[in-house]
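Presented below is the structure to which this report refers.
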Amino acid sequence: MAIDGNDWWRGCVIYQVYPRSFQDTTGDGSGDLAGTVRRLAHIASLGVDAVWLSPFFASPMADMGYDVSDYTAVDPMFGSLGDFDALVAEAHRLGLKVVIDQVLSHSSDRHPWFVESRSSRDNGKADWYVWADAKPDGSPPNNWLSVFGGSSWEWDSVRRQYYLHNFLSAQPDLNFHNPAVQDALLDTVRFWLERGVDGFRLDTVNYYFHDRWLRSNPPLATSLDGTNTETNPYLFQEHLFDKTRPENLAFLRRFRSLLDEYGGRAVVGEVGDETRSLQTLASYTSGGDKLHMCYTFDLLGPQFSAVHVRRCVEAFEKAAPDGWVCWAFSNHDVVRHVSRWTRAGGDTGAVAKFAVALLACLRGSICLYQGEELGLTEAELTFEDLRDPYGIRFWPGFKGRDGCRTPMVWEGEAVNAGFTSGRPWLPIPPGHRARAVDAQDADPASVLARYREILALRKAHPALVSGSIRFLEAQGDMLAFLRERDGERLLCAFNFASGPADWPIPAEIGNLEAVLSCDRPVVGGGTLPLEPLGWFVARLR
């Protein structure tokens with residue numbers, strides 16, 4: 001089923017490129033836009049619908065490009081606007097949509113807007129950022145914390161005030177309560193729309209607004225299972241006042257209205273909310289007048305079980321019946337899922353194949369992260385190798401995000417695995433070479449081959465792209481559900497367990513015609529047998 005028209009985003013498959021680690025063409029050790037153009041054919045060969053580019057904008061790189069100093073310029077590290085235009089043209093020639101990051105909640109402290117804002121209390125951009133006086137004892141105005149450690153307030157000696165930063169102090173938060181700030185940001189979005197981009201991924205979309213009265217956050221009432229509370233005190237608070245504010249909805253409507261002027265454009269938001277992620281996703285995607293879709297971190301953590309996946313999917317379906325979700329198992333911010341989910345002594349390749357089959361069968365759009373189609377594991381780096389300020393700050397309790405950002409491996413026997421002729425900005429793990437693209441391209445049993453096969457399956461079946469989902473009862477670590485659309489009914493079954501399982505097929509299912517499976521189980525006597533990490537997709541006849 002081809003996805004086209006204004007609804008191309010609904011059920012689409014997106015491939016995330018982290019440009020600095022994708023392909024270098026200059027020999028400086030960092031990937032660039034020309035390198036991405038060179039490798040677009042690989043992305044298209046997977047059968048995906050869109051490519052998402054992580055930030056390539058002008059930046060001092062304090063947070064690897066998520067600190068933007070010019071929203072309408074390409075950083076020289078990545079090339080030029082001409083290189084970007086060439087990327088859009090080639091992607092469109094290959095049938096790929098282009099989605100780019102927008103980092104709107106904060107800028108770099110080197111951005112001209114902030115340079116002017118911090119110069120005095122009465123300049124033209126004095127209130128373009130969030131400034132506040134100190135308490136009488138000189139301490140910050142409230143207890144808000146930075147995700148990257150410490151207070152989210154930084155003292156500025158020129159204005160003799162504090163400014164807000166939810167991340168690094170080099171990433172001051174813009175003041176969205178000021179309409180002029182919204183207008184300026186939307187103008188930069190229009191710039192990229194005019195250059196032909198098809199969509200945007202909004203970084204930290206629920207961080208745009210802060211509480212006008214700067215009220216302190218209360219402590220978190222209950223501990224969060226599976227989070228890094230032991231290493232990051234940020235997760236000790238319930239973030240009621242420093243993010244996810246109700247005023248954000250009006251701005252998202254303005255953003256959507258701008259996109260709708262161009263037709264056929266889409267936006268996906270990143271929701272980082274520890275206690276209200278699904279409720280936030282529902283409010284941001286409902287009504288057809290805000291975001292087209294959002295993703296949360298619910299399936300980006302360590303939990304790997306049938307119960308967890310069903311709980312997350314059903315919770316979304318209940319919270320946002322008219323919304324749309326984008327599911328992902330890996331991205332540039334989390335440990336790669338084959339490392340998170342492979343049990344001790346297990347086969348990472350089997351986990352990779354199982355996971356993509358599961359992801360492709362879920363209701364929603366889906367996002368793949370570069371290298372997962374090769375079954376790449378998380379890289380183990382030394383402290384001296386780290387570039388991520390988050391990891392440097394919390395080492396060794398939290399090792400940061402560099403382990404999932406190491407360069408792509410293209411040619412197993414080539415210098416630096418074909419990524420660069422120079423010294424790569426992050427080390428290339430020796431174990432990744434055996435999983436290089438050229439090593440897997442000719443192997444019909446490889447993880448790469450399975451990705452292509454499963455994504456082709458999804459595209460061929462409308463029920464998988466945008467059909468309904470209904471879970472069936474299953475015991476143990478077994479997940480079974482039906483996908484339905486336009487008369488097509490598909491059974492999807494997955495055995496998460498480390499041992500074999502026999503699933504009693506409900507009477508309502510009737511006869512089955514196998515579509516695709518991992519080990520071609522023999523269905524008989526009303527039972528579906530599945531091996532460990534086995535899965536099965538069949539058409540109901």
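The values are calculated or read from the model by the stated rules, or taken from the named source; none is laboratory data. Model, not experiment: these values are computed from the prediction. Heads up, the Cβs are rebuilt from the backbone with ideal geometry, glycines too, and the neighbour counts pull from every protein chain shown. Note: accessible area is taken over every heavy atom of the protein model, side chains too, but ligands, DNA and RNA are not part of it. Shrake-Rupley method; radii C 1.70, N 1.55, O 1.52, S 1.80 Å.
I need the full set of residues from segment 496-521 which are of a type in the set (D, E, K, R), open to solvent by 90 Å² or more (accessible area, probe 1.4 Å) and either in a loop (DSSP other than H, G, I, E, B) or closer than 25 Å to residue 449 by Cβ (or both), in order please.
Scanning segment 496-521 gives a single hit, 520.
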Of the candidates 197, 268, the one satisfying the condition of being touching a residue at least 40 places away in the same chain (Cβ under 8 Å), part of a loop (DSSP other than H, G, I, E, B), within 22 Å of residue 8 (Cα to Cα) and among the β-branched types (Val, Ile, Thr) is 197
Name every residue in segment 319-344 that is of a type in the set (Val, Ile, Thr), open to solvent by less than 10 Å² (accessible area, probe 1.4 Å) and within 21 Å of residue 275 (Cβ to Cβ), in order of residue number. 325
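Could you count how many residues in segment 354-380 are under 15 Å from the mean Cα position of the chain (by Cα) and over 22 Å from residue 532 (Cβ atoms)?
Going through segment 354-380, the residues under 15 Å from the mean Cα position of the chain (by Cα) turn out to be 359, 364-372.
Those left that are additionally over 22 Å from residue 532 (Cβ atoms): 364-371.
Number of matching residues: 8.
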Check residue 92 against each of (1) buried (at least 16 other Cβ atoms within 10 Å of the Cβ); (2) in contact (Cβ under 8 Å) with a residue 40 or more places away in the chain; (3) in contact with an Asp or Glu (Cβ under 9 Å, 6 or more places away or on another chain) and name the one condition it does not meet. (1)
Run residue 346 past the list (1) over 29 Å from residue 98 (Cβ atoms); (2) touching a Leu at 6+ places or on another chain (Cβ under 7 Å) and report the number of the one that doesn't hold. (2)
Take the conditions within 30 Å of residue 282 (Cα to Cα) and assigned to a helix (DSSP H, G or I) and apply them to residue 448. Does it pass? no
Would you be able to say whether some residue in segment 201-220 is more than 24 Å from the chain's Cα centre (by Cα), at pLDDT below 95 and part of a loop (DSSP other than H, G, I, E, B)? yes
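Mind checking which residues of segment 158-199 are of a type in the set (Asp, Glu) and within 25 Å of the chain's Cα centre (by Cα)? Step through it out loud before you land on a result.
As a first pass, look at segment 158-199 and keep what is of a type in the set (Asp, Glu): 173, 183, 187, 194, 198.
Scanning segment 158-199 gives 173, 187, 194, 198.
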Among the residues in segment 170-189, are any over 17 Å from residue 111 (Cα atoms), of a type in the set (Gly, Ala, Ser) and either open to solvent by 20 Å² or more (accessible area, probe 1.4 Å) or not in a loop (DSSP other than H, G, I, E, B) (or both)? no
Inspect all residues belonging to segment 256-265 and state whether any of them is surrounded by 15 or more Cβ atoms within 10 Å (Cβ to Cβ), in a loop (DSSP other than H, G, I, E, B) and without any contact (Cβ under 8 Å) to a residue 40 or more places away in the chain. no
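Listed here are the residues, each with its yes/no results for (1) buried (at least 21 other Cβ atoms within 10 Å of the Cβ); (2) within 16 Å of the chain's Cα centre (by Cα); (3) of a type outside the set (Lys, Arg).
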| residue | (1), (2), (3) |
| --- | --- |
| 11 | yes, yes, yes |
| 17 | yes, yes, yes |
| 39 | no, no, no |
| 42 | no, no, yes |
| 52 | yes, yes, yes |
| 57 | yes, no, yes |
Taking only segment 522-541 into account, find how many residues are surrounded by fewer than 19 Cβ atoms within 10 Å (Cβ to Cβ), farther than 16 Å from residue 463 by Cβ and within 32 Å of the chain's Cα centre (by Cα). 2
Within segment 367-382, is there a residue that is open to solvent by less than 30 Å² (accessible area, probe 1.4 Å), more than 27 Å from residue 443 (Cβ to Cβ) and either modelled with pLDDT of 95 or more or out of contact with any strand residue (DSSP E or B) (no Cβ under 6 Å at 6 or more places or on another chain) (or both)? yes
Would you please list the contacts, defined by Cβ atoms under 6 Å and residues six or more apart or on different chains, that run from a residue in segment 419-436 that is under 15 Å from residue 19 (Cα atoms) to a residue that is at pLDDT 95 or above and among the small types (Gly, Ala, Ser)? 420/29; 424/29; 425/29; 425/30
Residue 33 vs (1) touching a helix residue (DSSP H, G or I) at 6+ places or on another chain (Cβ under 9 Å); (2) open to solvent by 20 Å² or more (accessible area, probe 1.4 Å): all pass except (2)
In segment 128-181, how many are in contact with a helix residue (DSSP H, G or I) (Cβ under 9 Å, 6 or more places away or on another chain), charged (D, E, K, R) and closer than 27 Å to residue 394 by Cα? 1
Pairing a residue in segment 296-318 that is surrounded by fewer than 15 Cβ atoms within 10 Å (Cβ to Cβ) with any residue that is modelled with pLDDT of 95 or more, where Cβ atoms lie under 7 Å and the two sit 6 or more apart in sequence or on different chains, gives 302/340; 305/477; 305/496; 314/471
In segment 85-144, which residues are hydrophobic (A, V, I, L, M, F, W, C) and under 18 Å from residue 174 (Cα atoms)? 103, 104, 113, 114, 115, 126, 128, 130, 131, 132, 144
Looking only at segment 402-421, which residues are in a loop (DSSP other than H, G, I, E, B) and open to solvent by less than 20 Å² (accessible area, probe 1.4 Å)? 405, 406, 407, 408, 409, 410, 412, 419, 420
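Restricting attention to segment 247-262, does a residue exist that is at pLDDT below 95 and touching a Leu at 6+ places or on another chain (Cβ under 9 Å)? Spell out how you get there, then give the answer.
We begin by selecting, within segment 247-262, every residue at pLDDT below 95; these are none.
No: segment 247-262 contains no residue that is at pLDDT below 95 and touching a Leu at 6+ places or on another chain (Cβ under 9 Å).
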